[in-house]
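K.L.:
Here you go, one structure.
None of the figures in this text is laboratory data; all of them are computed from the coordinates on show. The structure displayed is predicted, hence computed values, not measured ones. Cβ atoms come from the backbone with ideal geometry, glycine included; neighbour counts cover every protein chain shown.
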Amino acid sequence: MRDFSHSTAHLALNTATLGHNMPGAGAGWSPEQTLDACARRGIGGIVFWRPEIEGRAVAIGQYARQVGVKVVGLCRAPFLTGPLSFKNNTEITDDFRKAIDETASLGGSILTIVVGGVEVGTKGVRESLKRVAEHLASVLAYAAQRDVRLALEPLHPMYGGDRSCLTTTRDALDLCDQLADPNIGIAIDVYHVWWDTDFSRQIARAQGRIFGFHLCDWLAHTTDFLLDRGMMGDGVADLKSLRMSVEKEGYTGFCEVEIFSEHNWWKRDPNEVLDIIVERFHTVC
Ligand code: ZN
């Protein structure tokens, strides 16, 4: 297991942690300000959300390289199924390709995919997962052409209805098996998998297919299932054991801190948030 007690080279900031994925949340730092703040602390990587970089991906990617912060990737592809997705397939495919282009323009290599919920008019997840596989199959060649890898992120089952009919590491790896393409893999977020006693058995199937590892914590008394994620160390997830599991399967990439926290971390000075992230990364992750 890698020793992070003195290094931040493999620490990445997902800008959602500073509120940047929600209009009006956080302190409103520009991508450049955020990159400077990461560079000052030696934070090695960053993951942006699409609204922040819209129309400026190339320039922001260049700035990141100039200050020495690696753009790991982009959040995220459009929902492919469910009540929050675009209404027709052409819109979904066009936006999917646009997200792939934006990732490439930034100089990033990984596009995160949250697949979307249960397809309207259907019950259960099977039909929706079939649709997800079809959508993914239709963009794989394009992703390869742009040198972008697609990371399927299974979400906690509480989001099954509207955001992600893909809810377990098992189902995500089954989908990867089915598509059998080197550009498709999974992203493991501790918020979504910490409870899963089958995780270590499933992740053993993942060799070479773990494209991302996301950090935060699950608060014992969480007040909002979307916007009350905890800072690492403040909750009940066994962070070191989860990291050990992914590293055992060969994961050597970034540990990406992703904390949605409307009433706590988004209200604080981003400098304080980043300092605490660095301290926790050294001590509890
Ligand atoms: Zn995540």
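K.L.:
Please give the peptides 209-215, 221-227, 68-74 ranked by average Cβ packing (other Cβ atoms within 10 Å per residue), highest first, as a rough proxy for protection.
P.N.:
Values: 209-215: 24.6, 221-227: 12.3, 68-74: 22.6.
The peptides rank, most packed first, as 209-215, 68-74, 221-227.
K.L.:
Run the numbers on the chain and let me know its relative contact order in percent, using alpha-carbon pairs under 8 Å that are six or more apart.
P.N.:
On the way: 594 pairs, mean separation 58.4, N = 285.
Rounded, it is 21 percent for the chain.
K.L.:
Tell me which of Ile276, Thr252, Val193 sits at the most positive position along the dipole axis of segment 182-278, charges placed on C-beta atoms (Lys, Arg +1; Asp, Glu -1).
P.N.:
Thr252
K.L.:
Okay, moving on. Considering the Cα positions of segment 180-231, please state its Rg to one decimal place and its Dmax as a whole number of Å.
P.N.:
Cα-based Rg and Dmax for segment 180-231 come out at 13.3, 40 Å.
K.L.:
Please build a GNM for the chain, connecting alpha carbons under 10 Å apart, and tell me which residue among Ala204, Ala39, Ala144 fluctuates the most.
P.N.:
Evaluated over the chain, the most mobile residue of the options is Ala204.
K.L.:
Ranking Tyr142, Tyr159, Tyr251 by Cβ neighbours within 10 Å, fewest first, what do you get? Walk me through the numbers on the way to the answer.
P.N.:
Details: Tyr142 15, Tyr159 19, Tyr251 22.
Lowest to highest Cβ neighbour count: Tyr142, Tyr159, Tyr251.
K.L.:
A follow-up question, please. Take every Cα-Cα distance within the chain, group them into 5 Å bins from 0 onward, and report for each bin the whole-number percent of pairs it holds.
P.N.:
Taking every Cα pair in the chain, the percentages come to 1, 6, 13, 17, 20, 19, 14, 8, 2, 0, 0.
K.L.:
Next question. Taking H placed 1.01 Å from N in the peptide plane, check which residues at least 5 places from His214 or on another chain put their amide H under 5 Å from its amide H.
P.N.:
Counting only residues 5 or more places away or on other chains, the set is Ile188, Asp189, Val190, Glu256.
K.L.:
Against the 2.2 N^0.38 Å scaling, with N counting residues, where does segment 172-285 land? I'd like the Cα-based Rg ratio to two decimal places. Intermediate results must be reported in sequence, preceding the final value.
P.N.:
Details: Rg = 14.9 Å, N = 114, 2.2 N^0.38 = 13.3 Å.
Dividing the Cα radius of gyration by 2.2 N^0.38 Å gives 1.12.
K.L.:
Alpha carbon centre of segment 1-66 versus segment 75-128: separation in Å?
P.N.:
Cα centres, segment 1-66 to segment 75-128: 23 Å.
K.L.:
Give me Tyr63, Tyr191 ranked fewest to most by other Cβ atoms within 10 Å of their Cβ, as a rough exposure proxy. It would help to have the intermediate numbers written out before the result.
P.N.:
Values: Tyr63 17, Tyr191 22.
Fewest-to-most Cβ neighbours within 10 Å comes out as Tyr63, Tyr191.
K.L.:
If you don't mind, there's one more thing I want to ask. Report relative contact order for segment 1-89 in percent, whole number only (criteria: Cα-Cα under 8 Å, sequence separation at least 6). Intermediate results must be reported in sequence, preceding the final value.
P.N.:
Values: 103 pairs, mean separation 25.2, N = 89.
The value is 28 percent.
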